[in-house]
Structure formats: structure tokens, C-alpha cells
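Below is one structure, written out as C-alpha cells; the observations come after it.
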Amino acid sequence: MNEQVYILDKNLNLRGVVDGYNSLIWASRYREIGDCELYVPATPEMLALCQKGFYIARDGDPMICQIRKIELDTDAEAGNYIIATGYDAKILLDQRVVWTTMTANGNAERFARKMVVGALGADAGEGRQLTDSDGRLIFGLGAESGLTDRLSEQVSYKNVGEKIREYCLKFGWGYRMTLDEETRTLLFSLYKGADRTESVIFSDEYENLAATKYIEDETKMGNVAMVAGEGQGSDRQRAIIGSFSGAERFEIYVDARDLSQKITFGELTEIYPPEESGGYGRIVPDGDGWVYRVSMIDIQIVDAWHLTWLEVNYPGGTVVTVDGTAYYRMTDLIVADLPGQTPEAEETVELRDVVYLPYLLSRGYEQMAQFGAVRSFEGTIEPNTTFIYGRDYHLGDIVTVQSAFGISVSVRIVEVVEVWDDSGYNVEPKFEYITEV
């Protein structure tokens, strides 16, 4: 039996229901953009429904796809047919860039949401908001997931969709653009799949795994980075990440000249709120000028090398754990030089190295995340046997896979391709290696 799908117009109004199609391919992806392909007879009704800019949706599935490609084919034997190709509405984020400079030093989920709503939502400027043909705002934020990861970086003129995917790769998140049927609004949210390694096991023994492919690929490596910040020539700020040597050392260069040591005073106080607002910052004299001093600052520790770097460059700090995450805590630090005793919000201040260099390190770690050993599992699951997709496990969940080669691993489900056609229903997940069990 075919899965019923719905067609919505550009204003997110329901235009029709499709169940008499030849085939439907539905590829959902955890931290990448999903897609779908709908193959239907070329009837007048289907021609009216399958239009570029319209949306394809399914009951019980969070992904909604915008039709971006239409093919009309004539076949003397099979008849005329339409192939409508849609892409996950997450692709709309790729149509925007971060229009200004945004600085993060705190909860990563909240910063990502602020970035997105500032590019397409209520906080976006004229012409940048995502609206329907009547000018109604059709973009908003879904509920927060309560993710506790923290972020310290500066973002300028970067593609919004690409930045969100960077954060998802860094923190193990997924992201969605779902439809709120009541308000006819697309809602952005971040989430993290559940750990089902103890309850969901795919293996030959349970006869629920048809085939697997295990891949280990070290052709694209990078474990030591030179990160160069703003400035020219020898005056550029530089930071080195990593300590591998000899044949185990793979160097990369990261151009981070877009990271500026100069931000506005308004941005500074947003990152480090003043004491009168419940924060730790205050304006104090320093020699002939004025500076912004904070009584406490936490920098997230990425790995053992990063901690050593912090201890060498900024001795006297302590390691603390907040919500399960390790930080290097420093006290009574000057973080910026000010133009005067009472700077206006739009006036420029200059960050001290103690907070600027971690921005360079963060950029370097982001780039290195794209390099390194790749371990992945691809598998074909026997549908509707031991476990059923959408009931027992979901996109983004971590499960256990035991292959015929004796490899048992914890893997995250990063992609699920569902197919309905003449042969019935088939589901093929793609797993991402987590760790050996």
C-alpha cells in the first residue's frame, strides 16, 4: 500500500492528497539536507499539484520538502509521467548568510537559534524574512531542546545553513524544519537522537540485517592546524592546534582573517553582561585609558592538548565541570580596551588576546572536524521485522550493529531512505560510526 503524501502550495495551504503514484523515494538526513522524489502519472490534476515552490509532506514524518525540480516525460508504453524532486525545507537556510558580525560565548543552541531567526525570522531585516505571497511571515523557532553545549566564536558573512551543519557535526546534533499545521509556519529546531544501543540491535543473528558495508577511509587527514587571524603578513594573529609529529602529522592551514578583534561595546556587554545586569563585567581605569574587566570567564576545553595550551598561556586557572562539560575557569581578567569611560553601544572596542585567541582555536577545530579518519556503516534493514523505523528507532538515534565480519559497533543513524514502489516498501539506513562496543 502506498504511503499517502500531501501537496501544499507556497503559502503552506493544503492543495491535494496523492496516493496513486508509481513510486516515492523519501531520504531523511540527520545533519544534512534530505530530499524526495515523487513519480506520478502526468494527469491534469497532478500537473496542477506538482509545481516548483510547492511542498510535499507525509503524515507522521517531520520532514517537509520544497519542490525544486519538475521532469515531464513521455513513454509510448508506460504513458506520460511527472517526476517531482523536492528538498528538505532546511535548504531555505542555505539561501541566507550571516549579514553582520555575531559573537558567541555561551550556550551554542541559543546562539544558533539567534543566528537563524536573524536571517529568516522576525529579527531579519526587510526583504530577508521568509514570507508567503501575502507577505505573512512563515518562519519561526520550534521549542528549545535544552542542549547544553557551549560555543566561543565569532561569525561573519558565513552561509547560515553551512554554519548550522558545522555545529551539528561538532556537537553531534541534528536539525529540522517542520510544519506547524495550525499556524502554517515552518519551524526550525535542533535536537539530539536518543541512545538505543541496548534496545535496538541489528545483526544477522536477529535476522533483521540484510547487508552491511563497513568503510574506513583515511585519505583526507588533518590533525595539526595553523590558524591565521586578522592583520597582514607577520602582524597576523596566529594559533597552532595539535601536537602530532613525524609521519602521523597532517597539517592544514585555516584562514580566519574574518575574525576581528574589534567589536561594538553593545556586542561586548551582550557576551559579558555587566554586574548591574547580573553579569561579571565592569568598566575600570587602566593606566591612561579604560578597560572592561570580568571577574570570571569560562572557556570550554576541547581536548587534552587544548587544556595544556590554556594552562601554558593563561596560568592560574582551574578546571570546572558545568552540565557535564569541562571548562577552564579564569578570574579577574581584562577582556577589552575601551574608547572611554562611558562608551556608547555602537562604539568600537578591541578584544584582548585572552578572548580573541580562543575564537581562532574554535575556527581551527571546526575546520579540522572536516578532516580525519572516516568510519561509517551502510546497511539494508529488513523492514517490519524486529524493529520498525518510526516506532522503535528514529533518525539520529544511536543503535548497535553487528556485522557478519564480527564487528560490533555503536552507530548513529544519519540517513534513512524509504522507497515505495511496485515491489513494496523498503528502508535503507546509513550509519555513522560512534565507537566500538
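Remarks
- Placing a pseudo-label 7 Å from each Cα along the Cα-to-Cβ vector at N159 and K114 gives an inter-label distance of 2.5 nm.
- Principal-axis analysis of the Cα atoms of the chain puts helix 353-368 at an angle of about 30° to the longest axis.
- Theoretical FRET efficiency, 1/(1+(r/R0)^6), r = Cβ-Cβ of D73 and I334, R0 60 Å, to 0.05: 0.35
- Within the chain: Cβ-based charge dipole about Cα centre, in debye rounded to nearest 20 (Lys, Arg +1; Asp, Glu -1): 800 debye
- Two-site FRET efficiency, K213 against A247, from Cβ-Cβ distance with R₀ of 25 Å, rounded to 0.05: 0.30
- Multiplying the residue separation of D255 and R391 by 0.36 nm and subtracting their alpha-carbon distance yields 44.4 nm.
- Per DSSP, loop trypsin sites (Lys or Arg not before Pro) in the range 27-126 with at most 15 further Cβ within 10 Å: K52
- Taking S203, S28, S245 in turn, the Gaussian network model of the chain (Cα-Cα springs below 10 Å) assigns the largest fluctuation to S245.
- The chain: most fluctuating residue of V17, V322, V155 per GNM, C-alpha cutoff 10 Å: V322
- Zone of V374's modelled label, taken as backbone nitrogen in the range 216-231 under 17 Å from a point 7 Å along Cα→Cβ: 216-223
Coordinate-derived values only; no laboratory data. Because the structure is predicted, anything quoted here is derived from the model rather than measured. With ideal geometry, Cβ positions are generated from the backbone for all residues, glycine too; neighbour counts draw on all protein chains shown.
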